[in-house]
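Scroll down for the structure; my scribbles are underneath it.
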Amino acid sequence: MNEEINPVDNVDTIMVSDEVNSLQDSKALTPVDDLSIDMVETEEGGKVGRPPHLPNADTRNRVYTLSTVGTRHEDIASVLGISHDTLVKYYKEELDKGRIEANASVAETLFKQAKEGNTTAMIFWLKSRARWKESTQHEISGNPDGTPIEVKIVTGID
């Protein structure tokens, strides 16, 4: 028989248990999972984690400008180096105003085009704003005497 030697079996268990006991007495085993990242303190008493995001006039203007040209929220957050949730938390007003103004600007151009005779713009406007729709109605009726309808398939091959 060929026995394999497990390197873990060679560990001095007395030394390991002494280290565990000394660590249990220190703050090193404080359960971090139960704390938010802002509550974890360093040995010096300082906090570990990302500092809170502080919006300013420049970042507000940048978010608004990017929003007015239709930039996705995830992309704006990436540019600022923050999460999507943080972006919405601090910049909801700029995001909403930018989106509304962008849509209004495009709608204004579309409306002008429709008024100037652009048929495609007219159709789009009426379908999206006036709820017009194209519909095709198919009516199938049977023979007056109640017999089934005969269908003849023409293939062009005799």
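The values are calculated or read from the model by the stated rules, or taken from the named source; none is laboratory data. On a predicted model such as this, the values are computed, not experimentally measured, just so you know. When we count neighbours, we look across all protein chains shown, and the Cβ atoms used for this are built from the backbone with ideal geometry, even at glycine.
Some observations on this one:
- Qualifying residue in the stretch 83-105 (condition: outside any helix (DSSP H, G or I), at pLDDT 95 or above and either more than 27 Å from R50 (Cα to Cα) or touching a Ser or Thr at 6+ places or on another chain (Cβ under 8 Å) (or both)): no
- Hits in the stretch 45-60 - residues which are out of contact with any helix residue (DSSP H, G or I) (no Cβ under 8 Å at 6 or more places or on another chain) and either of a type in the set (D, E) or surrounded by 11 or more Cβ atoms within 10 Å (Cβ to Cβ) (or both): D58
- Of all residues in the stretch 67-77, those satisfying the criterion of being part of a helix (DSSP H, G or I) and exposed (fewer than 14 other Cβ atoms within 10 Å of the Cβ) are E74, D75.
- Every residue from the stretch 90-116 that is hydrophobic (A, V, I, L, M, F, W, C) and either out of contact with any Phe, Trp or Tyr (no Cβ under 9 Å at 6 or more places or on another chain) or surrounded by 15 or more Cβ atoms within 10 Å (Cβ to Cβ) (or both): L95, I100, A102, A104, V106, L110, A114
- Flag if T147 is hydroxyl-bearing (S, T, Y) and either at pLDDT 90 or above or in contact with a strand residue (DSSP E or B) (Cβ under 7 Å, 6 or more places away or on another chain) (or both): no
- Qualifying residue in the stretch 129-136 (condition: out of contact with any Leu (no Cβ under 6 Å at 6 or more places or on another chain) and surrounded by 10 or more Cβ atoms within 10 Å (Cβ to Cβ)): yes
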